[in-house]
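A short worksheet on the structure shown next.
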Amino acid sequence: MNYTLVINGKPEGPYTIDELKALNIKPGDFVRTDAMDDYKEAHEIAELRQLFGFQKQVLIQYYGSFDQRLTAAALDWFFVSGVCIIIAFTISLFITNMMIGLAFAFSLLIVIPIVKFIYQVIMESSAKQATYGKQLAGLTVCDMQGNRLTPAHAAGRNAAKIFSVLTLFMGYLYCYFNKQQQCLHDKIAATLVIKDRL
């Protein structure tokens, strides 16, 4: 496959793979083939990564800010709690014993966080890489290379939130002290929350 290479701001070529080697291309050099719609950086192309040993770099320009993440979290709590409460209310219509009804109502304090944990793991490891709240805020969750999380990685990230909470929520404010705006649980799980490009 032949590649057109941008050299000093001008497209030149096409070049064969051997010619690209001779030109000593870098991961950030822009290349394209006739089959491609637009130029891409060399590290973005799997064939060139394999041949030249490039590491795929993170192509992230915007990180989710604290207020965006807080909005997304509030929306997710609202969605999950709303669904759980509607289901619980429907079930409670069939409970005649007052004590059982109260115990059932208080059980929501345990059920809702468990449902939210499962919901976040499923949604963050899905093709969308985001819960509904994050989708509405234009946020996605990824690993440090910008890749989709596995379910196990998403579970680890959400379990690590206990450390952000145990620090009297200071773990969430940790995002103000690093350029990638990672909260403590993101740092522990090696994840990023990124914002759609403007």
Exercise for review: Would you check if there is a residue in region 20-32 being buried (at least 16 other Cβ atoms within 10 Å of the Cβ) and either more than 31 Å from the chain's Cα centre (by Cα) or in the same structural domain as Asn158 (by TED's automatic domain parsing) (or both)?
Suggested key: yes
Check your understanding: Would you say Asp76 is closer than 18 Å to Gln182 by Cβ and either outside the structural domain of Gln181 (by TED's automatic domain parsing) or of a type in the set (D, E, K, R) (or both)?
Key -> no
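Look through region 144-153, keep the residues that are surrounded by fewer than 18 Cβ atoms within 10 Å (Cβ to Cβ) and touching a residue at least 24 places away in the same chain (Cβ under 8 Å), and return whichever of them is nearest to Val121 (Cα to Cα).
Restricting attention to region 144-153, the residues satisfying the condition of being surrounded by fewer than 18 Cβ atoms within 10 Å (Cβ to Cβ) are 144-148, 150-152.
Imposing the further condition that a residue be touching a residue at least 24 places away in the same chain (Cβ under 8 Å) reduces the set to 144-146, 150-151.
Values: Met144: 17, Gln145: 19, Gly146: 17, Thr150: 9, Pro151: 6 Å.
Only one residue fits best here, namely Pro151.
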Check your understanding: Within region 84-101, is there a residue that is of a type in the set (Phe, Trp, Tyr) and under 17 Å from the mean Cα position of the chain (by Cα)?
Key -> no
Exercise for review: Please work out if Tyr39 is of a type in the set (Ser, Thr, Tyr) and over 30 Å from the mean Cα position of the chain (by Cα).
Suggested key: no
Exercise for review: Can you give me the number of residues within region 112-130 that are assigned to a helix (DSSP H, G or I) and surrounded by 15 or more Cβ atoms within 10 Å (Cβ to Cβ)?
Suggested key: 9
Review point. Looking at region 79-106, which of its residues are more than 27 Å from Lys134 (Cα to Cα) and hydroxyl-bearing (Ser, Thr, Tyr)?
Key: Thr90, Ser92, Thr96
Practice item. Scan region 112-120 and give yes if some residue there is farther than 14 Å from Arg69 by Cβ, touching a Pro at 6+ places or on another chain (Cβ under 9 Å) and modelled with pLDDT of 95 or more, otherwise no. Key: no
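The values are calculated or read from the model by the stated rules, or taken from the named source; none is laboratory data. Quick caveat, the model's predicted, so the values are computed rather than measured. No Cβ is skipped: glycine too gets one built from the backbone with ideal geometry, and neighbour counts run over all protein chains shown.
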